[in-house]
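Input: a single structure, listed below in structure tokens.
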Amino acid sequence: DVVSPERNARDVDYVVQSLEIDYQAAELIAAAPASEDFAELRALPDDLPAEVAALARELTADATSAFERAAILQAFFRADGGFVYDLQTEPGNSTSALVNFLQNRRGFCEQFAASMAVMARAVGIPARVAVGFTPGTPQEDGSWVIGTHDAHAWPELYFEGTGWVRFEPTPATRTGSVPSWTVRPAVG
């Protein structure tokens, strides 16, 4: 958001600079387990329904690294689990809303992000939810227009030696491709 205490921020030009980080899946696969300093970011609420953690463990049972568990969870939400991006869902923020989302398999980015973060924590990966925007719409003059319809949420998972890494569980109909570093390398 652009906010100005002196005047209306409408029609104000500004410049945004960013740093594009190119993680490598191999680095994430080799990451050591996060230290105990991150225990709080692996914690789950006492009233979390058991079926949520059980599903996360079931999906990732054959994974050999935190990265592989994260990639499996991302794929579950984006393609393998049959989820649909839908803004017309039942409102709520209780743990039963999480179970409803996992059963109904319909929701929007906040539900995908929070669900993946909770399930990542359930399999031992420190996780948090970030809120921001998708890239927006490119303009002919090279600028971009980003509005409230571009608001977005995604999970970030912590990998020792790398830091917080963005994953994208929201289906491609809303977000396009996943970051290249979040896909398991082909074996063979």
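The values are calculated or read from the model by the stated rules, or taken from the named source; none is laboratory data. Bear in mind that the values here come from a model prediction, so they are computed numbers and not experimental data. Every residue, glycine as well, gets a Cβ built from its backbone with ideal geometry; the counts of neighbours run over all protein chains shown. Just so you know, the surface numbers come from the protein's heavy atoms only, side chains and all, with ligands and any DNA or RNA stripped out. Shrake-Rupley method; radii C 1.70, N 1.55, O 1.52, S 1.80 Å.
Net charge dipole, segment 123-183: roughly 220 debye, given to the nearest 20, about the Cα centre with Cβ charges of +1 for Lys and Arg and -1 for Asp and Glu. The slack in the chain from Asp37 to Asp80, taken as 0.36 nm per residue of separation less the alpha-carbon distance, amounts to 12.2 nm.
Taking Cα atoms, how many degrees apart are the long axis of helix 95-104 and the longest axis of the chain, rounded to 10 and kept between 0 and 90? Roughly 90 degrees, rounded to the nearest 10. Protein heavy-atom accessible surface, 1.4 Å probe, per residue over segment 1-131: 64 Å².
The helix-only estimate of mean residue ellipticity at 222 nm for the chain, built from DSSP H runs of length n ≥ 4 each weighted as -39500 (n - 2.57), is -8000 deg cm²/dmol after division by the residue total. In a simple Cβ point-charge model (Lys, Arg +1; Asp, Glu -1; nothing else charged), segment 54-124 has a dipole of about 80 debye relative to its Cα centre. With the simple spin-label model, which puts each label point 7 Å out from Cα in the Cβ direction, the Glu51 to Leu87 separation comes to 2.9 nm.
DSSP assigns beta bridges within the chain; of those with both partners inside it, close to 85 percent run antiparallel. For the chain, the longest principal axis of the C-alpha atoms and the axis of helix 66-75 are separated by about 70°. Distance between the pseudo-spin-label points of Val99 and Arg174 (7 Å out from Cα toward the beta carbon): 2.3 nm.
Amide H contacts for Ala34 (H built 1.01 Å from N in the peptide plane; partners 5 or more residues away or on another chain; cut-off under 5 Å): Glu160.
Rounded to the nearest 20 debye, the dipole size of the chain about its Cα centre is 440 debye, using +1 on the Cβ of Lys and Arg and -1 on the Cβ of Asp and Glu. For the chain, leaving out every one of the trypsin sites (Lys or Arg not before Pro) that falls in a DSSP loop and has at most 16 other Cβ atoms within 10 Å, the longest unbroken run is 11-104. The listed residues Val118, Val145 rank as Val145, Val118 when sorted by accessible area, largest first, using a 1.4 Å probe. Taking Cα atoms only, the orientation of helix 50-59 departs from the longest principal axis of the chain by about 90 degrees. Computed with a 1.4 Å probe on the full set of protein chains, the accessible area for Val16 sits at about 110 Å².
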